[in-house]
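First the structure, in the form of structure tokens, and then the observations on it.
The values are calculated or read from the model by the stated rules, or taken from the named source; none is laboratory data. Everything numeric here is computed off the predicted structure, so don't read it as measured data. Cβ placement follows ideal geometry from the backbone for every residue including glycine, while neighbour counts extend to all protein chains displayed.
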Amino acid sequence: MKPHSALACTLIAGLLLHHALSCTVIYVGPQASTDGSSFVGHSSDGDGETDPRLVHIPSRDYPEGALRPIFESPESYPRYVGYDRGAPAYYPVGDQQPFKPIGYIPQVKHTFAYHEETYAAINEHQVAIGEATCSAIYNAMPVNLGGKALLSIDELSRIALERSRTARDAVVLMGTLAEQYGFYGPGFEGTGESLIVADPYDGWIFHILPDPTGASAIWAAQQIDPKHMTVVANMFIIREIDFNSNKFMYSKGIYELAVREKLIKNGDPLDFTMAFSAGEYSHRYYSGRRMWRAMTLAAPSQASKLVANYTNLRTDKPYPVSIQPDNLMSLDDVMKIYRDYLEGTDMDLARGLASGPFNMPDRFTGGKGESQVRGSWERAIAIIRTCDSYIAQLRPSLEGAIGGTLWYGPHAPHGTVWVPFAAGMPSLPDEYSWGFQAVFNRSTAFWAHRAVLNIATIKFNYAIQDVKALQQQYEKEAQKMVDSLIQRYISKQIPFSKVTDEMTKFAQSVVRRWWQLADELIFKYADGFINEPGNIGQSPGYPAWWLSAVDYQNGPPRQVSATEAGDRAVCPIPPGLRMV
């Protein structure tokens, strides 16, 4: 069977309203980190439409024979309305009506607690997931839209964290359920999905797409070397499957299916990406440049081997599945990668005429102009249309409730503060769990961070320094707080409720401070000036390179001063007089 048509993909895109198509996932293994932690990072780059709330889902018990409802997974607000998850943030508000299930699977007797944004992020046993949508050669429709598939990646991630104590168990569970009940992807730019699934000791790359019948799934998983880091950026990365190694898992009959569909010749190795990926979407380098950048930041010594340019990411295979960092990586190193916009490279988004006079790295898309001028912007890891991001820190030898920390940041990484929430917290601050991002709301963490970064664009290269200083201050303070809370808890100096209280208060203090920062930036950079108490109206003007680039020198003739023109001056401008 041939891949479905582009028209069918477009139809699915319109029906499923899936927005988080451009996520970046990073994993650092326990032997690649400074403190033995594993890190799983995820950015949800959903154009401001993806629901950015972080919600706690409590553990629950069920009677024998109970069924688990499966819901459709819109990722725009509200991603879910109802009572089945036991989360007050999802209870109906105003005229909202509870979502109706599109099907059911057997329920287990006990489910684990977890925190979720669009996808399940971390559970009480320190199993964590990061997601990236990927292109794939097959698509499928969900059962409620006339198709045969029941499960989306959103629901698979939730079921996995409800029921799994290890990353391996989560992978097996998701693969088995998808084969049995069918998997449907988000459509258009990516009908496949990729997850990094990890626990404190183990990490797996999990790829999945619908099978040609639309009623089952094709999937594969590869164990990541614990000494390595890896990055998934909207494209499959698993290459040749070793069917004789326990470092690989895969769907039943995957090889025979690839031969039958003429994706490979019988006897040839099965390269999962070569066979099942539809390549990069949007433009060449959309995925590969993020992979290249993350890997070269982690392993600069490999920069000469990791080329930034290639012809076809799917067929050229320019990057390894994972790489060993030059030095052990810390939480700060992972944060730095997520905040990167290719600084110091030939593709630096904070340089050149497109960045404006104040080196603003963000690029906006859409509009009539793009229909008249065909082209593409470079795609960095940090991007202003991120709705939220997180880094799950998983610590071996500690119980999950205190050992796992979800560092969560609303809005874009370069303007956010990642605040810590312990995996076992039974509740999360309302500022992070409530609110509709399409309505301006000063009570939400999302709008506090969105306001700051958008205000910073007034004079970006100046204002971002103020933002960075506070980011570093609060994140450094947060790391000290987390270390202290862990030590005090495991030595039985404090109950877990104290951990919850202190983390909640810290997160709320960040929201208050970020609103204050928004006001400070408006004052400091209003009207193109730099304004400080007692010294307002400082005018740095524009940099010389930009003035030259925009033909400033060929504008209307300047009136010259007496000093410049000597006796030839006509109507000399008195020193210190400001032109108005």
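Consider region 260-281 and keep the residues that are charged (D, E, K, R) and crowded, with 17+ Cβ neighbours inside 10 Å. The one that is nearest to Gly190 (Cα to Cα) is Glu280.
If the requirement is being over 32 Å from the mean Cα position of the chain (by Cα) and modelled with pLDDT under 95, which of these qualifies: Ile530, Ile536, Ile494? Break it down stepwise before answering.
Working: Ile530 fails: modelled with pLDDT under 95; Ile494 fails: modelled with pLDDT under 95.
On inspection, the qualifying residue turns out to be Ile536.
Could you count how many residues in region 523-541 are of a type outside the set (Gly, Ala, Ser) and loosely packed, with under 14 Cβ neighbours inside 10 Å? First the steps, then the outcome.
Just the residues of region 523-541 that are of a type outside the set (Gly, Ala, Ser), to begin with: 523-525, 527, 529-533, 535-536, 538, 540.
Checking which are loosely packed, with under 14 Cβ neighbours inside 10 Å leaves us with 523, 527, 532-533, 535-536, 538, 540.
Residues in region 523-541 being of a type outside the set (Gly, Ala, Ser) and loosely packed, with under 14 Cβ neighbours inside 10 Å: 8 in total.
Being β-branched (Val, Ile, Thr) and in a loop (DSSP other than H, G, I, E, B) is the filter here; which residues of region 331-353 pass it?
Filtering region 331-353 for residues β-branched (Val, Ile, Thr) gives 334, 337, 345.
Of everything in region 331-353, just one residue is β-branched (Val, Ile, Thr) and in a loop (DSSP other than H, G, I, E, B), namely Thr345.
Here Asp268 meets the list (1) of a type in the set (Asp, Glu); (2) farther than 28 Å from Thr365 by Cα; (3) in contact (Cβ under 8 Å) with a residue 12 or more places away in the chain almost entirely, failing just condition (3). Would you call Ala8 hydrophobic (A, V, I, L, M, F, W, C), at pLDDT below 95 and more than 25 Å from Ile381 (Cα to Cα)? Taking the combined requirement at face value, the residue satisfies it.
For region 192-246, the set of residues classified as outside any loop (DSSP other than H, G, I, E, B) and in contact with a Lys or Arg (Cβ under 8 Å, 6 or more places away or on another chain) consists of Trp204, Gln222, Gln223, Val231, listed by residue number. Listed conditions (1) assigned to a helix (DSSP H, G or I); (2) over 22 Å from the mean Cα position of the chain (by Cα); (3) of a type in the set (Lys, Arg) are all met by Arg165, apart from (1). Does region 468-484 hold any residues that are exposed (fewer than 13 other Cβ atoms within 10 Å of the Cβ) and either of a type outside the set (S, T, N, Q) or in contact with a Cys (Cβ under 9 Å, 6 or more places away or on another chain) (or both), and which are they? Matches in region 468-484: Ala469, Lys476, Lys480, Asp483. Among the residues of region 97-113, is any touching a residue at least 60 places away in the same chain (Cβ under 8 Å), buried (at least 20 other Cβ atoms within 10 Å of the Cβ) and not in a loop (DSSP other than H, G, I, E, B)? No: region 97-113 contains no residue that is touching a residue at least 60 places away in the same chain (Cβ under 8 Å), buried (at least 20 other Cβ atoms within 10 Å of the Cβ) and not in a loop (DSSP other than H, G, I, E, B).
Go through the residues of region 184-193 one by one and say whether even a single one is crowded, with 24+ Cβ neighbours inside 10 Å and among the polar types (S, T, N, Q). I'd like the intermediate steps shown before the answer.
At the first step, the residues of region 184-193 found to be crowded, with 24+ Cβ neighbours inside 10 Å are 184-186, 190-193.
Of the ones still in play, those that are also among the polar types (S, T, N, Q) are 191.
Yes, the conditions are met somewhere in region 184-193.
For region 265-277, the candidate set comprises residues that are touching a strand residue (DSSP E or B) at 6+ places or on another chain (Cβ under 8 Å) and part of a loop (DSSP other than H, G, I, E, B); within that set, the residue that is farthest from Ala217 (Cα to Cα) is Pro269. One residue stands out in region 97-131 among those that are in contact with an Asp or Glu (Cβ under 9 Å, 6 or more places away or on another chain) and aromatic (Phe, Trp, Tyr): the one that is nearest to Pro420 (Cα to Cα), namely Tyr114. Listed by first and then second residue, the pairs linking a residue in region 434-449 that is without any contact (Cβ under 8 Å) to a residue 12 or more places away in the chain to a residue that is part of a loop (DSSP other than H, G, I, E, B), with Cβ atoms under 8 Å apart and 6 or more places separating them unless they lie on different chains, are Asn441/Gly435.
For Pro78, the criteria (1) at pLDDT 95 or above; (2) in contact with a strand residue (DSSP E or B) (Cβ under 9 Å, 6 or more places away or on another chain); (3) under 27 Å from Trp447 (Cβ atoms) hold in every case but one, which is (2).
Of all residues in region 171-189, those satisfying the criterion of being at pLDDT 95 or above and either among the charged types (D, E, K, R) or assigned to a strand (DSSP E or B) (or both) are Glu179, Phe183.
Within region 120-152, the residues that satisfy the criterion of being small (Gly, Ala, Ser), assigned to a loop (DSSP other than H, G, I, E, B) and over 29 Å from Leu406 (Cα atoms) are Ala136, Ala140, Gly146, Gly147.
Looking across region 282-300 at every residue that is crowded, with 23+ Cβ neighbours inside 10 Å and of a type in the set (A, V, I, L, M, F, W, C), the one that is farthest from Pro318 (Cα to Cα) is identified as Ala298.
For every residue, the table says whether it meets (1) part of a loop (DSSP other than H, G, I, E, B); (2) buried (at least 24 other Cβ atoms within 10 Å of the Cβ); (3) at pLDDT below 95; (4) among the polar types (S, T, N, Q).
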{"site": "Ser371", "(1), (2), (3), (4)": "no, no, yes, yes"}
{"site": "Phe421", "(1), (2), (3), (4)": "no, yes, no, no"}
{"site": "Pro426", "(1), (2), (3), (4)": "yes, no, no, no"}
{"site": "Gln437", "(1), (2), (3), (4)": "yes, no, yes, yes"}
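Please determine, by comparing only the residues of region 321-332 that are surrounded by fewer than 20 Cβ atoms within 10 Å (Cβ to Cβ) and in contact (Cβ under 8 Å) with a residue 24 or more places away in the chain, which one is farthest from Ser37 (Cα to Cα). Going through the qualifying residues, I end up with Val321.
Can you name every residue in region 60-75 that is in a strand (DSSP E or B) and surrounded by fewer than 20 Cβ atoms within 10 Å (Cβ to Cβ)?
Our first condition is that a residue be in a strand (DSSP E or B); within region 60-75, this holds for 60-61, 67-70.
Those that are in a strand (DSSP E or B) and surrounded by fewer than 20 Cβ atoms within 10 Å (Cβ to Cβ): Arg60, Asp61, Leu67, Arg68, Pro69.
The residues on offer are Leu485, Leu521, and the sole one that is closer than 22 Å to Ser355 by Cα and aliphatic (A, V, I, L, M) is Leu521. For first residues located in region 355-366 and closer than 17 Å to Tyr525 by Cβ and at pLDDT 95 or above, partners that are of a type in the set (Lys, Arg) and surrounded by fewer than 21 Cβ atoms within 10 Å (Cβ to Cβ) and lie 6+ apart or on another chain with Cβ distances below 8 Å form the pairs Asn359/Arg351.
The single residue among Glu117, Glu72, Glu131 that is over 24 Å from Ser397 (Cα atoms), within 25 Å of the chain's Cα centre (by Cα) and modelled with pLDDT under 95 turns out to be Glu72.
Considering only residues of region 66-86 that are of a type outside the set (Val, Ile, Thr) and without any contact (Cβ under 8 Å) to a residue 40 or more places away in the chain, which is farthest from Glu431 (Cα to Cα)?
Of all residues in region 66-86, those of a type outside the set (Val, Ile, Thr) come to 66-69, 71-80, 82-86.
Okay, now just the ones that are also without any contact (Cβ under 8 Å) to a residue 40 or more places away in the chain, so 69, 80, 82-86.
On the way: Pro69: 28, Tyr80: 18, Gly82: 20, Tyr83: 20, Asp84: 22, Arg85: 20, Gly86: 19 Å.
Top of the filtered list is Pro69.
Cβ-Cβ distances below 7 Å connect the following pairs, each with a first residue in region 506-526 that is closer than 12 Å to Leu470 by Cβ, a second residue that is among the hydroxyl-bearing types (Ser, Thr, Tyr), and a separation of six or more residues or different chains: Val510/Tyr474. Filtered by the rule that a residue be assigned to a loop (DSSP other than H, G, I, E, B), in contact (Cβ under 8 Å) with a residue 12 or more places away in the chain and of a type outside the set (Asp, Glu), region 247-263 gives Lys247, Ser251, Lys252, Leu263.
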